[in-house]
Amino acid sequence: MDNNGNFTLEIVVVGIMILLILGITSFVSEVSQEKISKSVENNNIEKTINEVADSLINDPGMPINWEDFKSKRVGLAIINSEGNTIENSVSYFKFLELGRDYNNLVTKRIFNNKFSSSMELIPCETSISSVKIGSSDIERGNVYSVSRLVKCDFFKKYAICDFKIDGKCNHNHNQKDYSCNYFKLFKGNLKKTDYYLLFDDSERLECEYSIDNTHSKSYKGQRVTNSKIYLNNRLNELFDLNDSSSIVFIHLNKNDVKAVLVGVPKDFDKDKLNYNYFTTQPCEFKIKAWS
């Protein structure tokens with residue numbers, strides 16, 4: 001073959017090599033772009049659920065009691081008795097309400113239908129069950145998860161007296177030796193509300209309790225043998241025939257007792273009449289999301 005033939009063959013070989021290089025470069029570029037795009041998408045999911053988690057646990061929503069009304073903005077943070085927002089907190093009833101309309105309030109309103117998601121509240125106290133709300137879809141693909149340590153109030157709204165807080169006593173008991181407190185009771189309340197003294201299990205057999213009012217101060221103390229004590233019958237005995245209300249005093253002959261007086265609806269789940277359910281508890285708040 002002459003020089004011209006050799007030159008032509010060289011050109012063809014070089015051309016093929018250039019095409020191969022361009023093809024490989026293009027393929028590598030497409031793969032890289034896909035990885036970058038996927039990375040950006042993944043980072044956006046992680047960034048989004050982190051922002052959502054922080055927003056929910058630090059914002060009570062609008063209105064602040066939105067769980068009882070149509071919400072303008074949802075949030076889970078607790079509002080204390082002074083009207084201030086408790087940071088890094090979850091209102092149990094707001095959490096449950098969010099679960100009842102999760103698709104509308106979270107999937108559509110918060111995530112704009114981009115992700116499927118779920119939320120879970122996991123108490124550190126093992127006597128309290130965890131609660132999960134959100135998508136029933138099977139988690140698939142890359143599942144992203146964030147968690148925060150929060151305080152949850154559970155059924156604390158039904159708590160009337162906490163005996164770890166000093167209260168007034170009609171016997172002038174020294175609160176260094178006693179835990180006493182009081183509340184106002186209307187006779188009609190006994191028809192729709194069940195009252196209980198709830199004790200932490202560690203307090204059983206460790207103290208006595210007595211109940212009286214300003215008219216009756218002779219009620220003998222009884223040993224705490226059960227962590228759940230039903231009070232309606234005793235409370236009804238405190239009313240004279242024409243009384244419509246009474247100031248009731250409860251005395252525990254031990255200081256700083258882990259006990260709480262609660263008033264719950266008649267249809268309340270009795271399995272949840274547990275001292276820990278009526279006090280603020282640390283929990284893990286977890287959000288998972290996938291697309």
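The values are calculated or read from the model by the stated rules, or taken from the named source; none is laboratory data. Source: prediction; values computed, not measured. All Cβ positions, even for glycine, are placed from backbone atoms using ideal geometry, and neighbour counts span all protein chains on display.
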Q) L252 is checked against (1) in contact (Cβ under 8 Å) with a residue 60 or more places away in the chain; (2) over 22 Å from K168 (Cβ atoms) and fails just one. What number does that condition carry? A) (2)
Q: Quick one: count up the residues across the stretch 105-133 that are touching a residue at least 40 places away in the same chain (Cβ under 8 Å), more than 13 Å from E284 (Cα to Cα) and not basic (K, R).
A: 7
Q) Out of the stretch 244-280, which residues are farther than 21 Å from L190 by Cα and out of contact with any helix residue (DSSP H, G or I) (no Cβ under 9 Å at 6 or more places or on another chain)? A) N253, N255, D256, N276
Q) Identify, please: which residue in the stretch 151-176 is outside any loop (DSSP other than H, G, I, E, B) and not small (G, A, S) and is, among those, farthest from G263 (Cα to Cα)? A) K151
Q: Could you check how many residues of the stretch 206-232 are surrounded by fewer than 16 Cβ atoms within 10 Å (Cβ to Cβ), in a loop (DSSP other than H, G, I, E, B) and under 32 Å from the mean Cα position of the chain (by Cα)?
A: 3
**Q.** Residue satisfying all of: in the stretch 74-125; buried (at least 16 other Cβ atoms within 10 Å of the Cβ) and more than 18 Å from the chain's Cα centre (by Cα); modelled with the lowest pLDDT among these
**A.** F115
Q) Can you tell me which residues in the stretch 57-102 are part of a loop (DSSP other than H, G, I, E, B), touching a strand residue (DSSP E or B) at 6+ places or on another chain (Cβ under 6 Å) and among the hydrophobic types (A, V, I, L, M, F, W, C)? A) I64, L76, A77
Q: Would you be able to tell me the number of residues in the stretch 147-176 that are aliphatic (A, V, I, L, M) and either free of Cβ contacts under 8 Å to residues at least 60 places away in the same chain or more than 22 Å from Y275 (Cα to Cα) (or both)?
A: 1
Q: Could you tell me whether any residue of the stretch 196-205 is closer than 26 Å to I128 by Cα and of a type in the set (K, R)?
A: yes
Q. Out of curiosity, is D240 under 30 Å from the mean Cα position of the chain (by Cα) and part of a loop (DSSP other than H, G, I, E, B)?
A. no
Q: Would you please name the residue that is surrounded by the fewest Cβ atoms within 10 Å (Cβ to Cβ), looking only at residues in the stretch 134-150 that are assigned to a strand (DSSP E or B) and not small (G, A, S)?
A: L149
Q. Only one of these conditions is not met by A259: (1) modelled with pLDDT of 95 or more; (2) small (G, A, S); (3) touching a His at 6+ places or on another chain (Cβ under 9 Å). Which number is it?
A. (3)
Q. Does the stretch 206-214 contain any residue that is in contact with a helix residue (DSSP H, G or I) (Cβ under 9 Å, 6 or more places away or on another chain) and under 19 Å from T279 (Cα atoms)?
A. no
